[in-house]
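**Q** Dropping a structure here in structure tokens format, bear with me for questions.
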């Protein structure tokens, strides 16, 4: 695994160059499993791995990077939150247009809908290359994930 960053790495920040190949999603999920702050938080790890797999799959399917090229997976985690970002040298896109254009019954383009539904925050930067990221809160007492259901008021 290669470690790289665009700013100095702290102990909780990890950057991994992934190959533009079918093994990239598995490698990304393994990198998340090694994050110490997620130890014992099986539901959060599952959601983080699911969403990370979607980000990686989007790079492989929709960016213009060639097989054999590499793209960056960045994982930043502390006691409060987990942030995951993929960045590539592709032409970029506007994911908000995809979310609006594709109905929930479509067989394709469901990854961004999952990211929208399951993450606490997400976003993108497009232009020279493309970066898409999500965050999950890791605060103590976080309720178990049950989708975006309303929290009962006392």
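The values are calculated or read from the model by the stated rules, or taken from the named source; none is laboratory data. From a predicted model like this one, the values you see are computed outputs, not experimental measurements. Quick reminder, even Gly has a Cβ in these numbers, built from the backbone with ideal geometry, and neighbours come from all protein chains shown.
**Q** Within segment 1-18, track down each residue that is out of contact with any helix residue (DSSP H, G or I) (no Cβ under 8 Å at 6 or more places or on another chain) and at pLDDT 50 or above.
**A** Passing the criteria: 13, 15, 17.
**Q** Which of the residues that make up segment 33-55 are assigned to a loop (DSSP other than H, G, I, E, B) and closer than 11 Å to residue 82 by Cα?
**A** Of everything in segment 33-55, just one residue is assigned to a loop (DSSP other than H, G, I, E, B) and closer than 11 Å to residue 82 by Cα, namely 35.
**Q** If residue 73 satisfies all but one of (1) more than 18 Å from residue 111 (Cα to Cα); (2) not in a helix (DSSP H, G or I), what's the number of the condition it fails?
**A** Just one mismatch for residue 73, condition (1).
**Q** Within segment 126-134, is there a residue that is more than 21 Å from residue 64 (Cβ to Cβ), under 18 Å from the mean Cα position of the chain (by Cα), modelled with pLDDT of 60 or more and surrounded by 10 or more Cβ atoms within 10 Å (Cβ to Cβ)?
**A** yes
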